[in-house]
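Colleague: Below is one structure. I have some questions about it.
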Amino acid sequence: MLVGRVGLAALSILLGAYSFGLNRDLHVKARARYAPSPDEVRQAYDRADHLQESLRNKSYKLTIKPIWYDKDRHFWYLNKLKGDTKEFISVETSHGHRSSAFDHARLAESLSQAASANYLPTQLPFTEIEFSDDLNTMMFSVGTARWKCDLKTYSCTQVGTAPPSDRQESQAQIAEMDTINEPSPFAEETSLFDPTESAQRQRRQRDLNSPDGNWLVTLIDGNIHIQAKDGGKDVLVSKAGITGDGFVGVSWSADSKELVGVRMAPGDHKDVFLIESSPKDGGRAKLHTRPYDLPGDKLDTYDLYVLDPVKLTETKVDMEPIDTGDYPAVRWKKDNRYFTYEKTDRGHGRFRVIEVDAQTGSTRSIIDDKAKTFIDITSHYINYCKETDEIIWRSEQDGWGHLYLTDGLKGSVTNQITKGQWVVRGVDSIDEKARELYFHASGRNEGQDPYLMQYYRINFNGTGLVALTDGNGNHSVQYSPTKKFLIDTYSRIDQEPIHELRRVSDGKLISRFDAADISDLKATGWNYPEVFVAKGRDGQTDIWGMVCRPMHLDPNKKYPIIENIYAGPQDSFVPKTFNAYTRMQSLAELGFIVVQVDGMGTRNRSKAFHDVCWKNLADAGFPDRILWMKALGLRYPYIDLDKVGVYGTSAGGQNSTGAVLFHPEFYKVAVSSAGCHDNRMDKVWWNEQWMGYPVGDWYGEQSNITNASKLKGSLLLMVGEMDTNVPPESTMRLVDALLKAKKDFDFLMLPGFDHTDGGPMGERKRRDFFVHHLLGVEPPERNSMN
C-alpha cells in the first residue's frame, strides 16, 4: 500500500476523534494525575531496580535444544523446571509422540547405588545424554566420570572419564530465561558495511601467486610484478600503478592464465579525535586519533586491469570507478574468460553486477537495479549459483522486498521468484540440485502483525510455495540433520513460546509437543505488554507498536507516556518475541506508560513505507508515532497526553532530541544518548545511504544542531567521550548551539565510555529526569543514602 507524506484528512479525523473522546472522558469522570508520595517514589524505584531479579527463573520451557538421534526418528531435549528440577523428553518424529526419554526414577535409584550418592529423579546430575544406535543403552557424564546405563535393566556402570565438553553444564541449558533479550539497534551502525575495514582485509591478502604455482606475484610501489616460478626475473610489470595510487590486490583465473589487478586511488581518510580524560593508568589525558570517513568525503576508488603473463598484456577494464570505498570482489566464471564484480553507486541509487570479458576489457551489466530513492544495502542479498551461472538476489523493484533469478549467461531476469505485498527477510539455504530455496518472510499471513517472521520453501521458478510455519507469532526453526523435519518455536510479546514439530516436505503440523510455562511469572503480578495498532499519517497504513504499563497501575489516575524511540531506517525495532523482562517495563514501574513504535521510514514493510526516510531522517516517523499515541490515549483515558517523554540512543538519540525540537507541541521531555545530531558528522555509509549524495542543503536543514534554537521542552544529553561509532563532537556541537541559543538543558559527559546509552549511571539519570519533569516529584536523594 502506498503512503503519502501527509494525510491531512485522516489527521483531522483522528484529531477530532481524540478531542471528542478526551472531552467526553472529562465529563464522565475527571482523573487526577498520578503524583506519588516520597515513600511511594522510593518503593517504585525499588521495584524498578529489582524487577529483573524478581522475574528471573520464573518462566520454564521457553526454548528447545533438540538432539536428534536414531536417524531423525527421534530427538530429545532437556526442560529446566521449577525449583531447579529438570526432565529429559523424547519425541518420536513420525507421529510426534512425546514421552520421557527414559525412566527418571529407575535411573536415579540405580545411579545412586552405583555411585554411592543420593540422586533425585527430578535432579539428575547431568544435562547431556547419548543413546546407542540400538537404543538399548545411554551414556552420560557425572563430574569427571563417564557412565553407561542399560535401558532394559537400568544398571549403571562407570566406563571411563568424561570428555572435557561434558564436564560443565551448557549455559544454554542452565539459563532457561533470557532476562534481557533486547538487541541493541545502534550496534548495527557500528561496523556493518564498513568499506575501510573491507579494503584493509582485502589488502592484507597473502596468496598473490597463481593457483598452479607457476607464477609469482609481488606488489611493489603500487605495481604488480609477475615472475615465472623458475625464471628469477619479472616477465611483466604493470604500468598503471604508481606509489600511493596503485594496485592493492589481484585475483587469478582458475587456469592461471590471467589475473585481475585491483588499482586503488586512496581517499582522504581524514581523522577524528577522542580525548580520554581519565586513563586507567592515570597521568595526563590521552589523545586518540583514527581515520573516519564522513558524508561527502573523498573515498577510496577502485578500477580493474587484466594482466596476461604469457601475452605480456595489460588491459584496462572499461568501467566507471567504484567510488564507495568498497573493494571489488572479483568472481571468475567457469570458462576463465569472464568474471564479474559488484558496484553500488555512491548515493546508493543503483546496484549492478557487471560482467567483464577478460580478453577485451569490455563490460555489460548482468543485474542493474535502480531506484528513485535508494537501494537498501542493509537488506541486500545475492547468491551466485556454482553449477548453473544463475544469480539469486533480492530487490524492491516492484515495491516490496522479493527474490529474483537472473541468468548469468544471458544477463536477463529469468523470473521473479517471490511476489506479493509482503517482504522476504532472509534466505536460509539454497538447494541448487533440487532448484529450491528456503527463506523467511513477514507480512504474508493475513490478520497477523506484518512484522512476524514465517518460514517457507519455493522453487527457483516461483512455483511450489510451501509455508513451513503458520502459527500467529514470530517464528524460529531448527531443521533435523536430514531436513525431513523441523522444530518450530514461535511466540509474541503477548504470547509465551509454543513448540511444534512439522514435516518439511509439505509443512504439515505433526504435533504441538510442548509449550512454555509462565504460571510462576504471572503469580508475581506480571502482565504481558500490549500489541497496539493504529493508522498512520495517510489514514490507511497500520502502524504497530507495544505498550508497557506499571504493574500497580490505577486506571482512575492519569499517567505520563514515554516513547522508547529508534527510527534508524536499517531495520524495524519493536520487539516481536516473548520476553519476561525489558528495561521498558522497569521504567514503567516508576509510574509511566512506556511505548515503542515502528513509524514510516523504517524497514520491513513496503518500499514506499521505507522511502519516507529518503533525504528526510528528521521526519523519523513522528507524524505516525504521534497519531499512534493519540489513538492509544483515546483507547485508554488514563494516559496523559499532555505529559509525553521520549528517549533513545545513537540514531534514537538524534530522534529523541528531534522530537522536542521539531514537535514540541507534543513531546515535552527528552533524554538523548550518543546522538547523531547532524548527519554530516557521522559515518559515511549509514548517512549517505539514507540522506543521499552529494551532500545537499537538506542535511543542514534537518540537523538538530542547526535547529537547536527551537528547543522548548526539557532535554538531557549524554555521550561517552570515547565514542568510536558516532563522534562525540556531534553532541558537543549541539551543546554549543544550545548555549549560544541561551537554552536551558542538562548534559552528562561519560568519561571512558564508548557508544552507549549511559550504562547504570545513564539509566539512573534517565529515570530521574522523567520522574522530575513528567511526574513533578523528586527522585530519591542518593547522596544522603550512601
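The values are calculated or read from the model by the stated rules, or taken from the named source; none is laboratory data. Note that the structure is predicted; figures quoted are calculated from it, not measured. Here the Cβ is made from the backbone with ideal geometry for all residues, glycine too, and neighbour counts use every protein chain on show. For accessibility, only protein heavy atoms count, side chains too; no ligands or nucleic acids. Shrake-Rupley method; radii C 1.70, N 1.55, O 1.52, S 1.80 Å.
Colleague: Seen from all sides and averaged, what is the projected area of the convex hull of the Cα atoms in the stretch 558-701, in nm²?
Modeller: Convex hull of Cα atoms, orientation-averaged projection: 9.1 nm².
Colleague: Another one. Calculate the tail of P(r) for the stretch 269-320: the fraction of all Cα-Cα distances greater than 18 Å, expressed in %. Don't jump to the answer; show the numbers that get you there.
Modeller: Values: 845 of 1326 pairs.
Cα-Cα pairs of the stretch 269-320 separated by over 18 Å account for 64 percent.
Colleague: Kirkwood-based Rg over Rh for the stretch 664-786 (C-alpha set), two decimals? Please report the intermediate quantities before stating the final value.
Modeller: On the way: Rg = 15.9 Å, Rh = 15.7 Å.
Over the Cα atoms of the stretch 664-786, Rg/Rh equals 1.01.
Colleague: Compute the projected area of the convex hull of the Cα atoms of the stretch 46-141, averaged over all viewing directions, and report it in nm² to one decimal place. Can you show the working numbers first?
Modeller: Numbers: hull surface 32.6 nm².
Mean orientational projected area (the stretch 46-141, Cα hull): 8.1 nm².
Colleague: Please calculate how many Å² of accessible area the stretch 261-363 carries per residue, with a 1.4 Å probe and no DNA, RNA or ligand atoms counted.
Modeller: On the way: 4790 Å² over 103 residues.
Ligands and nucleic acids excluded, the figure is 47 Å² per residue.
Colleague: For q = 0.08, 0.10, 0.11 Å⁻¹, what log10 I(q)/I(0) does the chain give under the Debye formula with an equal point scatterer on each alpha carbon and no solvent?
Modeller: With one equal scatterer per Cα and no solvent, log10 I(q)/I(0) is -0.86, -1.22, -1.34.
Colleague: Counting only heavy atoms of the protein chains, get the accessible area per residue of the stretch 393-481 (1.4 Å probe) and round it to a whole Å² value. Please report the intermediate quantities before stating the final value.
Modeller: On the way: 3590 Å² over 89 residues.
With the other protein chains kept in place, the stretch 393-481 gives 40 Å² per residue.
Colleague: When the Karplus curve 6.51 cos²θ - 1.76 cosθ + 1.60 is applied with θ = phi - 60°, which whole-Hz ³J(HN,Hα) does each residue of the stretch 517-523 get, with x for Gly and Pro?
Modeller: My calculation for the stretch 517-523 gives 10, 10, 4, 5, 5, 5, 5 Hz in order.
Colleague: Just reorder PHE745, PHE578 by solvent-accessible area, largest first, 1.4 Å probe, all chains present.
Modeller: On the way: PHE745 45, PHE578 15 Å².
If we order PHE745, PHE578 from most to least accessible, we get PHE745, PHE578.
Colleague: Give me, ordered by chain and number, the residues 5 or more places off ALA145 or on other chains with an amide H under 5 Å from its own placed amide H.
Modeller: Here ALA162 satisfy the definition.
Colleague: Once phi is turned into ³J(HN,Hα) by the Karplus curve 6.51 cos²θ - 1.76 cosθ + 1.60 with θ = phi - 60°, what whole-Hz value does each residue of the stretch 773-784 show in order, with x for glycine and proline?
Modeller: Couplings: 8, 9, 8, x, 10, 9, x, x, 8, 6, 4, 7 Hz.
Colleague: Which far-off residues, 5 or more places away or on another chain, put their amide H under 5 Å from the one on ASN725, with H placed in the peptide plane?
Modeller: For ASN725, the qualifying residues are HIS755.
Colleague: From the P(r) of the stretch 49-96, can you give the percent of Cα pairs sitting at distances over 17 Å?
Modeller: On the way: 540 of 1128 pairs.
Cα-Cα pairs of the stretch 49-96 separated by over 17 Å account for 48 percent.
Colleague: When all protein chains stay in place, what accessible area (Å², nearest 10, 1.4 Å probe) is found for GLU778?
Modeller: 120 Å²
Colleague: When only Cα pairs under 8 Å and 6 or more residues apart are kept, what is the percent relative contact order across the stretch 295-403?
Modeller: It comes to 16 percent, rounded to a whole number.
Colleague: Assign one of three labels to the stretch 380-430, namely rounded, prolate or oblate, based on the Cα gyration tensor with a ≥ b ≥ c the square roots of its eigenvalues; rounded applies when a/c is under 1.5, prolate when it is not and a/b is larger than b/c, and oblate otherwise.
Modeller: On the way: a/c = 2.55, a/b = 1.51, b/c = 1.69.
Oblate shape, in that a/c is at least 1.5 and b/c is the bigger or equal ratio.
Colleague: Return the long-range amide H neighbours of ILE220 (sequence gap of 5 or more, or a different chain), with a cut-off of under 5 Å between placed amide H atoms.
Modeller: Here HIS225 satisfy the definition.
Colleague: Determine the equivalent ellipsoid of the stretch 399-550 by diagonalising the alpha-carbon gyration tensor, then write out the semi-axes as square roots of 5 times the eigenvalues, largest first, rounded to whole Å. Spell out each step's value before the answer.
Modeller: Values: eigenvalues 213, 105, 19 Å².
Sorted largest first and rounded, they come to 33, 23, 10 Å.
Colleague: Which value results for Rg/Rh of the stretch 249-293 when Rg is the Cα radius of gyration and Rh the Kirkwood radius based on the inverse mean 1/r?
Modeller: Working: Rg = 20.9 Å, Rh = 14.6 Å.
Radius of gyration relative to Kirkwood radius: 1.43.
Colleague: In whole percent, and with a 1.4 Å probe on the protein chains, what portion of the accessible area of the stretch 89-155 is carbon and sulfur?
Modeller: On the way: 1560 of 3300 Å².
Exposed carbon and sulfur together represent 47 percent of the surface.
Colleague: Once you have a ≥ b ≥ c as the square roots of the Cα gyration tensor eigenvalues for the stretch 512-607, tell me rounded if a/c is under 1.5, and otherwise prolate or oblate according to whether a/b is larger than b/c. Before the final figure, lay out the partial values.
Modeller: Working: a/c = 2.15, a/b = 1.34, b/c = 1.61.
Oblate shape, in that a/c is at least 1.5 and b/c is the bigger or equal ratio.
Colleague: Per-residue ellipticity at 222 nm for the chain, helices alone: DSSP H runs ≥ 4 residues times -39500 (n - 2.57), over residue total, nearest 500 deg cm²/dmol? Walk me through the numbers before you get to the answer.
Modeller: On the way: 15 runs with 147 residues, N = 786.
That comes out to -5500 deg cm²/dmol.
Colleague: Tell me, what is the percent relative contact order of the chain, built from C-alpha pairs under 8 Å that lie six or more residues apart? The partial results should precede the final answer.
Modeller: Details: 1764 pairs, mean separation 91.9, N = 786.
Relative contact order here is 12 percent.
Colleague: Another one. Only helices at least 15 Å long along their axis, Cα-based, and averaging 0.5 or more on Kyte-Doolittle count here, so list those DSSP H runs from the chain. Don't jump to the answer; show the numbers that get you there.
Modeller: On the way: long enough: 8-28 (30 Å, 1.01); 38-55 (25 Å, -1.39); 104-115 (16 Å, -0.13); 622-635 (20 Å, 0.22); 651-662 (16 Å, 0.39); 729-740 (16 Å, 0.20); 759-770 (17 Å, -1.61).
Membrane-span-like by this rule: 8-28.
Colleague: Something else: Taking a 24 Å limit on the Cα-Cα distance, which of the listed pairs LYS82/LYS484; LYS257/LYS298; LYS343/LYS615; LYS630/LYS712; LYS65/LYS483; LYS483/LYS607 fall beyond it? Display every interim value, and only then the final one.
Modeller: Numbers: LYS82/LYS484 33 Å; LYS257/LYS298 35 Å; LYS343/LYS615 22 Å; LYS630/LYS712 21 Å; LYS65/LYS483 16 Å; LYS483/LYS607 34 Å.
Check vs 24 Å cut-off fails for LYS82/LYS484; LYS257/LYS298; LYS483/LYS607.
Colleague: Let me ask something else. With only Lys, Arg, Asp and Glu charged, each at its Cβ (+1 for the first two, -1 for the last two), find how big the charge dipole of the stretch 106-165 is about the Cα centre; round to the nearest 20 debye.
Modeller: Values: 4 positive and 6 negative charges, 35 e Å.
It works out to roughly 160 debye.
Colleague: Compute the orientation-averaged projected area for the stretch 316-399 from the convex hull of its Cα atoms and round it to one decimal in nm².
Modeller: Values: hull surface 24.0 nm².
Averaged projected hull area, Cα only: 6.0 nm².
Colleague: Once a ≥ b ≥ c are taken as the square roots of the eigenvalues of the Cα gyration tensor of the stretch 410-498, is the result rounded (a/c under 1.5), prolate (a/b larger than b/c) or oblate (a/b not larger than b/c)?
Modeller: Working: a/c = 2.87, a/b = 1.46, b/c = 1.97.
Cα axes put the stretch 410-498 in the oblate bin.
Colleague: Roll a 1.4 angstrom probe over the protein heavy atoms and tell me the percent of accessible area of the stretch 588-684 that is carbon or sulfur.
Modeller: Details: 830 of 1680 Å².
Here carbon and sulfur together make up 49 percent of the probe-accessible area.
Colleague: When the Kirkwood hydrodynamic radius is evaluated over all pairs of different C-alpha atoms of the stretch 238-350, what value in angstrom, to one decimal, is obtained?
Modeller: Working: mean 1/r = 0.0597 Å⁻¹.
Result for the stretch 238-350 stands at 16.7 Å.
Colleague: Let me ask something additional. Step through the residues of the stretch 747-757 one at a time and calculate ³J(HN,Hα) from phi using the Karplus curve (6.51 cos²θ - 1.76 cosθ + 1.60, θ = phi - 60°), rounding each to whole Hz and writing x for Gly and Pro.
Modeller: After applying 6.51 cos²θ - 1.76 cosθ + 1.60, I find 9, 10, 8, 9, x, x, 7, 8, 5, 7, 8 Hz.
Colleague: Given Cα pairs under 8 Å that are at least 6 residues apart, what percent is the relative contact order of the stretch 564-714?
Modeller: Details: 238 pairs, mean separation 34.1, N = 151.
Across the stretch 564-714, relative contact order equals 23 percent.
Colleague: Let me ask you something else. For the stretch 350-480, what % of the accessible area comes from carbon and sulfur atoms, probe 1.4 Å? All intermediate terms of the calculation are to be shown ahead of the outcome.
Modeller: Working: 2290 of 5320 Å².
Ligands and nucleic acids excluded, carbon and sulfur give 43 percent.
Colleague: Between the stretch 31-51 and the stretch 495-510, how many Å separate their Cα centres?
Modeller: If we compute the Cα centre of each part, the gap is 44 Å.
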